[in-house]
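The values are calculated or read from the model by the stated rules, or taken from the named source; none is laboratory data. All of these numbers come straight from a predicted model, not from anything done at the bench. Because the Cβ atoms are built from the backbone with ideal geometry, glycine has one as well, and the counts that use them run over all protein chains shown.
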Amino acid sequence: MTTDLSSHPLVQHYLTILRDRSTSASEFRRCCKGMTEVIMVEAAKLLSLDSVKVQTPLEMADGAHLSPGVVFVPILRAGLGMLDPAMDIIPGSSVGYIGMERDENTAEASCYYAKMPDLTASSQVFVLDPMLATGGSAAQCVEQIKAHGAKRVNMVCIIAAPEGIAAFEAAHPDVPIVAGKIDRELNEDRYILPGLGDFGDRLFNT
Ligand code: PRP
Ligand code: URA
């Protein structure tokens, strides 16, 4: 299941600034933060709750707390830009890191770093990566997370290509994708069109 949030006015506003080639790195970072906050509020609908009773100044009321075990996994590098805003939306979470890099010629992703917290069947994992292009980085990352014992995994991205969504869903039909925008297609170099270029380079000014 893929959720496309592109009708949201804030998503359209932030996306336009992120796409603009003249946007500075500091402005790009600010909009990455704003965009992630909007997307995470939507992704948080997937969280489970524990019922509690709460004493108001007047009487007892029914309430709910987020179930524990939320884990964020940003895919390095670009996913790092989404980590702080995601943690602001869902506090009390743990963080794992996965470093994935695409080969410049083949666009094949390979993993160069992984550090996971303890994961169990009840962990609620949110993988953070702004760009889902061929879907290779995201699919490999989720494979590793599942191998560590997680069963409830969600993919959160800013832009996704239809080709990447299809490949990812074929590999992980049980993992929902929440995307700011589904773009048109990949070009021959497997960059997303219209896209925004290389997210990591623009975020880190490299
Ligand atoms: C980018 C992006 C994703 C990946 C998406 O990372 O941040 O991780 O490409 O492409 P895919 O869906 O075809 O795998 P990149 O490899 O450029 O590394 P970086 O984040 O360090 O710049
Ligand atoms: N990674 C990016 O940063 N941008 C793309 O368009 C594709 C992969």
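A few notes on this one:
- The sole residue among Gly149, Gly92 that is farther than 29 Å from Gln12 by Cα and in contact with a Pro (Cβ under 8 Å, 6 or more places away or on another chain) is Gly92.
- Checking Asn205 against (1) under 22 Å from Tyr97 (Cβ atoms); (2) surrounded by 14 or more Cβ atoms within 10 Å (Cβ to Cβ); (3) within 14 Å of ligand 1 (Cβ to nearest atom), the condition it does not meet: (2)
- Screening the range 107-120 for residues that are without any contact (Cβ under 8 Å) to a residue 40 or more places away in the chain and among the small types (Gly, Ala, Ser) and picking the one that is farthest from ligand 1 (Cβ to nearest atom) gives Ala114.
- Where helices (runs of 4 or more DSSP H) fall wholly inside the range 1-103, the ranges with 2 or more residues that are in contact with a strand residue (DSSP E or B) (Cβ under 7 Å, 6 or more places away or on another chain), closer than 30 Å to Thr120 by Cα and at pLDDT 95 or above are 25-43, 80-89.
- When Ile98 is tested against the conditions (1) within 10 Å of ligand 1 (Cβ to nearest atom); (2) exposed (fewer than 14 other Cβ atoms within 10 Å of the Cβ), the lone failure is (2).
- The range 58-72, residues that are within 21 Å of Leu83 (Cβ to Cβ) and more than 23 Å from the chain's Cα centre (by Cα): none
- Only one of the numbered conditions (1) free of Cβ contacts under 8 Å to residues at least 40 places away in the same chain; (2) out of contact with any His (no Cβ under 9 Å at 6 or more places or on another chain) is violated by Glu37, and that is (1).
- Each residue in the range 160-173 was checked for being free of Cβ contacts under 8 Å to residues at least 60 places away in the same chain, buried (at least 18 other Cβ atoms within 10 Å of the Cβ) and among the hydrophobic types (A, V, I, L, M, F, W, C), and 3 of them qualify.
- Screening the candidates Ser123, Ser137 for the property of being within 10 Å of ligand 1 (Cβ to nearest atom), in contact (Cβ under 8 Å) with a residue 24 or more places away in the chain and out of contact with any Pro (no Cβ under 8 Å at 6 or more places or on another chain) yields one hit, Ser137.
- Residue check for Asp50: under 26 Å from Tyr191 (Cα atoms) and among the acidic types (Asp, Glu): no
- All positions within the range 40-83 that are without any contact (Cβ under 8 Å) to a residue 40 or more places away in the chain and under 16 Å from Ile145 (Cβ atoms): Leu76
- Lone qualifier among Pro173, Pro162 - being farther than 15 Å from Ala107 by Cα and touching a strand residue (DSSP E or B) at 6+ places or on another chain (Cβ under 7 Å): Pro162
- Where a residue in the range 179-195 is within 11 Å of ligand 2 (Cβ to nearest atom) and its partner, wherever it lies, is among the basic types (Lys, Arg) and at pLDDT 95 or above, with Cβ under 6 Å and at least six apart: Leu193/Arg184
- Residues located in the range 140-152, provided they are within 15 Å of ligand 1 (Cβ to nearest atom) and surrounded by 22 or more Cβ atoms within 10 Å (Cβ to Cβ): Cys141, Val142, Ile145
- Take the conditions (1) in contact with a Lys or Arg (Cβ under 9 Å, 6 or more places away or on another chain); (2) surrounded by 15 or more Cβ atoms within 10 Å (Cβ to Cβ); Ser122 misses just one of them, which is (2).
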